[in-house]
Amino acid sequence: MCGIFGYMGRKNALPLLVEGLRRLEYRGYDSTGVAINNGEGIVTHKTVGKVTDLKEILPDHIEGTTGIAHTRWATHGGVTQVNTHPHASSDGAVHLVHNGIIENFRHLRRHLSTSGIECVSETDSEVLVQLIAQELASGSTPLQSVQTTLKRVRGTWGVCIMFRDHDELICARNGSPLIIGQGQNEMFVSSDPHPLTSHTQRVIYLDDGDIAVLTPTSINMTSSVKGRSVEPNVTVLEEAWSESELGDAPHYMHKEIYEQPDALRQCIAGRVDREMGTGRLGGMRLGHETLMQAPHVRLLGCGTANIAAEIGQMLIEKMARIPAVTHISSEFRNNDPVINPKALYLAVSQSGETADTISAVKEIKLKGGQVFGVVNVVGSTIARLCGQGVYIHSGPEQSVASTKAFTNMVAALTVFATQLGRTRHLSKEQGRDIIDHLQQTPHLMEKYFENEGPLHEAVDLLAAAKSVLFLGRGLSASVAREGALKLMELAYIPCLAYPAGEMKHGPIALLEKGSPVVVIAPNDHLKEKTLSALHECKARGAKIILIHDEGDSIAEEGDVSIAVPANHPYLTPLLTVLPLQLLAYHTALRLGRDVDRPRNLAKSVTVE
Ligand code: AGP
């Protein structure tokens, strides 16, 4: 949720911290701050707002080669100066940045108050720095102070701690992601790999319970889970992860929408076997027996990942003819799920750090279930927890609104459904037909981007709307959900996505003259049924924005009709979603929204 960055080395810390924050800002952007040890004490600068606002208040130079930094997504305490991290202990000896939630902070606050230490902010995080300083003042070492404090707190944390009088940084993880970047005589700390790649490819992912004491040349790790010291496990990052600069694109979302054809090529490369008409997902390490005997498949995810999972679920049932169910991760893990060890569980997540999905994976593993990750970020928590699965190879996705990760999640699940289907009822010819169309889809995406249709006429209707209804059937019902989610999170317009057949059982009451209704109606076996819902809306004066297949006469049914190239009926979501992404993008721009940093959101939701 929040972004943490730390540095210790020989270089001046300030520019490195600010650049680190800039690359982490998509994780939360309510307020931001830095603290640097200049040898005489610790200097802190923090402000409400974004990194650009912080740069406004920073002096050109601050002496010091050790520092910590933070960009916040508020959980406890308003978006105010005093609640901005880094937090300092009352005696100034300790400074800290935290990502996560301390559940028993009120109790600890009262304890501190009885010993005369008053917290100055409303945050849960501040109790950590006050408790550590209290231990330090009682004669403990920095490491002992951190260990004692973390034993007393309940909740989740990724923390980086700096000391006025000790030449070390201490970082610790429990639930929230934290990575150390090992450089030449310098160390970096970050919440995710993005800002590290321009400094080093050598990273250490902290596990829950890990505490690392850093100096510029050493890392000493202990694990409260293992109750002993642990050897740092170095991972070398993939080159692709350093290509996340904006370049000449106006926004990350714009850049990532148009990267989808190449991202899709990357995702399916080497994973389809046209000869056998099947998929080959080596990373799933799925034996034939397991595939054959799986009684059903359960898919988990949040937000856009949940919608991709829902499309995967329908394709698994269509191609493999076995039951499949999609769950919202937070609901799944809190409803004491019944786990069948023979079933297959797929945890779908772009970031691989979504706390609700992580907890669901832990629940499945605890109950002996076999769970596979469908993830974008290499080395992320869900990927490491599952230890088996599919990397969707979208490359870094910086825009909070997910686009290329969505289409690659759907593509990876389509390949999985084909592989599973071929072990059951899907013929080689049917499998080959799906693969041929899938390999054609990047080209069809590019074809759509060459002729995007009357988007701005549709934006005229959407930008003026009080609310918008999205309708579709089957796979397109999920695409309707994704279109609604994008318009809500980017343009802040209330949206409702409904399976078209369900519309007349309630939502139709929302319609009045001029209400915009977005209808997704590719030329599949459900088109006629979707058309009846379209007519029911028109009869109430609604304005229809219609997404349809190129050359289909249904186009005349729309007030604004946007054509996409026709595709295999199982693959239409990979094309029909494109105009919906662009409509959300352009409507948000028309309304002056910040498309890459939509309000109240963050790229990966690391708190439950
Ligand atoms: C999508 O645009 C949103 N950013 C959000 O719904 C997101 O899909 C959700 O938080 C899940 O994230 P994940 O894929 O990283 O797990």
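The values are calculated or read from the model by the stated rules, or taken from the named source; none is laboratory data. All figures in this text were calculated on a predicted structure; none of them were measured in a lab. Because the Cβ atoms are built from the backbone with ideal geometry, glycine has one as well, and the counts that use them run over all protein chains shown. Accessible surface is based on the protein model in full, side chains and every heavy atom, while ligands, DNA and RNA are left aside. Shrake-Rupley method; radii C 1.70, N 1.55, O 1.52, S 1.80 Å.
Computed quantities for the displayed model
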read-out: Which numbered condition TYR585 misses (of (1) within 16 Å of the ligand (Cβ to nearest atom); (2) at negative phi; (3) of a type outside the set (A, V, I, L, M, F, W, C); (4) in a loop (DSSP other than H, G, I, E, B)); value: (4)
read-out: Wholly within the range 1-109, strands (runs of 3 or more DSSP E) carrying at least 1 residues that are of a type in the set (A, V, I, L, M, F, W, C) and in contact with a Phe, Trp or Tyr (Cβ under 8 Å, 6 or more places away or on another chain); value: 3-8, 66-72, 94-99
read-out: Filtered residues of the range 282-319 (kept if more than 13 Å from the ligand (Cβ to nearest atom) and touching a His at 6+ places or on another chain (Cβ under 7 Å)); value: ARG298
read-out: Every residue from the range 320-330 that is without any contact (Cβ under 8 Å) to a residue 40 or more places away in the chain and away from the ligand (no atom under 13 Å from the Cβ); value: PRO323, ALA324, VAL325, THR326, HIS327
read-out: Failed condition for ARG333, given (1) within 11 Å of the ligand (Cβ to nearest atom); (2) open to solvent by 10 Å² or more (accessible area, probe 1.4 Å); value: (1)
read-out: Qualifying residue in the range 300-323 (condition: within 18 Å of the chain's Cα centre (by Cα), part of a strand (DSSP E or B) and buried (at least 18 other Cβ atoms within 10 Å of the Cβ)); value: yes
read-out: Single unsatisfied condition, GLN398 versus (1) farther than 20 Å from GLU310 by Cα; (2) surrounded by 22 or more Cβ atoms within 10 Å (Cβ to Cβ); (3) within 13 Å of the ligand (Cβ to nearest atom); value: (2)
read-out: Check on ALA417, surrounded by 24 or more Cβ atoms within 10 Å (Cβ to Cβ), touching a residue at least 12 places away in the same chain (Cβ under 8 Å) and away from the ligand (no atom under 16 Å from the Cβ); value: yes
read-out: Only listed residue being modelled with pLDDT of 95 or more and more than 23 Å from ASP192 (Cβ to Cβ), chosen from VAL348, VAL338; value: VAL338
read-out: Among the residues listed as MET292, MET284, the single one being surrounded by fewer than 16 Cβ atoms within 10 Å (Cβ to Cβ) and at pLDDT below 95; value: MET292
read-out: Positions within the range 198-208 being open to solvent by 10 Å² or more (accessible area, probe 1.4 Å) and not aromatic (Phe, Trp, Tyr), in sequence order; value: SER198, HIS199, THR200, GLN201, ARG202, ASP207, ASP208
read-out: Single residue of the range 38-47 satisfying the filter (open to solvent by 20 Å² or more (accessible area, probe 1.4 Å) and over 15 Å from VAL18 (Cα atoms)) that is farthest from the chain's Cα centre (by Cα); value: GLU40
read-out: Looking only at the range 357-368, and only at residues there that are in contact with a Leu (Cβ under 9 Å, 6 or more places away or on another chain) and either among the hydrophobic types (A, V, I, L, M, F, W, C) or open to solvent by 10 Å² or more (accessible area, probe 1.4 Å) (or both), the one that is nearest to the ligand (Cβ to nearest atom); value: ILE358
read-out: From THR44, THR66, THR84, residue being at negative phi and in contact with a Lys or Arg (Cβ under 7 Å, 6 or more places away or on another chain); value: THR84
read-out: From the options LEU574, LEU601, LEU546, residue that is within 22 Å of the chain's Cα centre (by Cα) and modelled with pLDDT of 95 or more; value: LEU574
read-out: Number of positions in the range 175-184 that are at pLDDT below 95 and open to solvent by 10 Å² or more (accessible area, probe 1.4 Å); value: 2
read-out: Matching entry among HIS45, HIS61, HIS95 (being more than 26 Å from SER145 (Cβ to Cβ) and at pLDDT 95 or above); value: HIS61
read-out: Total residues in the range 219-230, condition open to solvent by 40 Å² or more (accessible area, probe 1.4 Å) and under 13 Å from ILE170 (Cα atoms); value: 1
read-out: Selection count, the range 94-121, where residues are more than 19 Å from TRP157 (Cα to Cα) and open to solvent by less than 10 Å² (accessible area, probe 1.4 Å); value: 1
read-out: Tally of residues being β-branched (Val, Ile, Thr) and within 10 Å of the ligand (Cβ to nearest atom) across the range 369-391; value: 4
read-out: Flag if GLU245 is part of a loop (DSSP other than H, G, I, E, B), within 30 Å of VAL577 (Cβ to Cβ), of a type in the set (D, E, K, R) and under 21 Å from the mean Cα position of the chain (by Cα); value: yes
read-out: Tally, over the range 490-505, of residues that are part of a helix (DSSP H, G or I) and in contact with a helix residue (DSSP H, G or I) (Cβ under 8 Å, 6 or more places away or on another chain); value: 6
read-out: Condition met for ASP524 (over 34 Å from the mean Cα position of the chain (by Cα), more than 16 Å from the ligand (Cβ to nearest atom), free of Cβ contacts under 8 Å to residues at least 60 places away in the same chain and buried (at least 16 other Cβ atoms within 10 Å of the Cβ)); value: no
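Conditions tested, residue by residue: (1) within 21 Å of GLY483 (Cβ to Cβ); (2) open to solvent by 10 Å² or more (accessible area, probe 1.4 Å); (3) within 16 Å of the ligand (Cβ to nearest atom).
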position	(1), (2), (3)
PHE406	yes, no, yes
MET409	yes, no, yes
LEU413	yes, no, yes
THR423	no, yes, no
GLY431	no, no, no
GLN440	no, yes, no
LYS447	yes, yes, no
PRO454	yes, yes, no
VAL459	yes, no, no
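Residue-wise test of (1) more than 15 Å from ARG298 (Cβ to Cβ); (2) without any contact (Cβ under 8 Å) to a residue 24 or more places away in the chain; (3) assigned to a helix (DSSP H, G or I).
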site: LYS342; (1), (2), (3): no, no, no
site: LEU346; (1), (2), (3): no, no, no
site: GLY352; (1), (2), (3): yes, no, no
site: ILE358; (1), (2), (3): yes, no, yes
site: VAL361; (1), (2), (3): no, no, yes
site: GLY368; (1), (2), (3): no, no, no
site: SER399; (1), (2), (3): yes, no, no
site: ALA405; (1), (2), (3): yes, no, yes
site: MET409; (1), (2), (3): yes, no, yes
